[in-house]
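Please read the structure below before turning to the comments.
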């Protein structure tokens with residue numbers, strides 16, 4: 001097998017969080033993910049999944065999210081998920097808008113300050 005034959009599958013970004021239970025509540029309650037794995041006593045690592053999307057939540061005491069997007073989620077109905085985030089009171093960092101690069105997207109911030117770009121192709 002040559003390097004040109006290598007195919008990549010889905011990717012699961014690791015997201016640092018200061019409070020893993022609070023993060024799980026956000027990703028499950030607001031974004032609709034489900035917990036599929038928890039590790040440690042106390043829990044220091046959790047996997048959440050929805051459809052083909054997978055995120056790894058990593059306990060990082062004192063963590064504060066960076067001033068850039070840590071993950072990009074591609075969804076089938078960005079307007080519905082935006083409405084769900086607004087209804088839940090999640091901070092919207094960038095308003096829902098049609099982008100010049102062919103996406104309709106917005107940026108939401110989780111309770112630890114991690115910015116998640118959520119969009120769909122026009």
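The values are calculated or read from the model by the stated rules, or taken from the named source; none is laboratory data. Fair warning: this is a prediction, and the values are worked out from it, not measured in the lab. Don't worry about glycine lacking a Cβ; one is built from the backbone with ideal geometry, like all the others, and counts go over all protein chains shown.
Some observations on this one:
- Members of region 92-117 that are surrounded by 15 or more Cβ atoms within 10 Å (Cβ to Cβ) and out of contact with any strand residue (DSSP E or B) (no Cβ under 7 Å at 6 or more places or on another chain): 111, 113
- Complete set of residues in region 2-18 that are in a loop (DSSP other than H, G, I, E, B) and either exposed (fewer than 15 other Cβ atoms within 10 Å of the Cβ) or within 15 Å of the chain's Cα centre (by Cα) (or both): 2, 6, 7, 8, 9, 10, 11, 12, 13
Every residue, every condition in (1) surrounded by fewer than 18 Cβ atoms within 10 Å (Cβ to Cβ); (2) under 12 Å from the mean Cα position of the chain (by Cα); (3) modelled with pLDDT of 95 or more; (4) in a strand (DSSP E or B), yes or no:
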| residue | (1), (2), (3), (4) |
| --- | --- |
| 28 | yes, yes, yes, no |
| 43 | yes, no, no, no |
| 47 | yes, yes, yes, yes |
| 54 | yes, yes, yes, yes |
| 65 | no, no, no, no |
| 90 | no, no, yes, no |
| 119 | no, yes, yes, yes |
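- Considering region 70-82, the residues that are surrounded by fewer than 16 Cβ atoms within 10 Å (Cβ to Cβ) and touching a strand residue (DSSP E or B) at 6+ places or on another chain (Cβ under 8 Å) include one that is nearest to residue 11 (Cα to Cα), namely 72.
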